[in-house]
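Taking it in order: structure first as structure tokens, then the write-up.
FYI, it's all coordinate maths here, none of it is from the lab. Because the structure is a prediction, the values reported are computed rather than measured.
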Amino acid sequence: MTERVSVRRSSTVHAPSPGHLEALRQADYLRRPGVRAIWRRLSGKQQAWVLDPSSHTEIGHRYPLSTREVAVLTGLSDSRVRWWADHNQLPHERTAGGHRTFGIAGLLSAFALSESRQYELQFYREIADAPGEAVSEKIDTLLFVLASRLEGALSAKRQEQLAQVVLDLHDVVIDGIHGPAAANRTTS
């Protein structure tokens, strides 16, 4: 004879905690095809920061992140993060006080934009550091590249592109005078 064991199921349904909901949102976001492509290009350290920003020595909590915290994690300047957020390049929300806050989507987008920006700045640095060319030839080449971008922005009447070209020119000049680290310093 077998004994029957009665299992009583609770009818109480518990709501998931906010941390659990955030983990589910992150997992869902990271499964998207475009996001996976960005994810694969990140270093192991950057991936760890995306999953848990508090693992960075200067960030003491998880999401949402402030403008400064996104800048610290990505190596961008605060002003660059603000500019990209204001021009709808970085997903973000605003607090009641008007401050920008970034979730996992904003941080991943910032890493992707930072990577593309580094390639572009490296291109400018290679022109500037080209051996055998006179300084005037290097300046002419840099101005030609920037003027071409400016012409494209003006012909398309796209103020965002124009502003980006001006910011790039500023960064190239700052890098040339003070080195690459100077572009990351801000006084905000």
Exercise. Grab the Cα-Cα distance for T57 and D129, subtract it from 0.36 nm times how many residues apart they are, and report the gain in nm with one decimal.
Key: 22.5 nm
Quiz item: With the radius of gyration and the Kirkwood radius both derived from the Cα set of the stretch 12-88, what is their ratio Rg to Rh?
Solution: 1.02
Quiz item: Can you work out ³J(HN,Hα) from phi for every residue in the stretch 91-102, in order, using Karplus 6.51 cos²θ - 1.76 cosθ + 1.60 and θ = phi - 60°, giving whole Hz and x for Gly and Pro?
Solution: x, 7, 10, 10, 6, 4, x, x, 7, 7, 10, 10
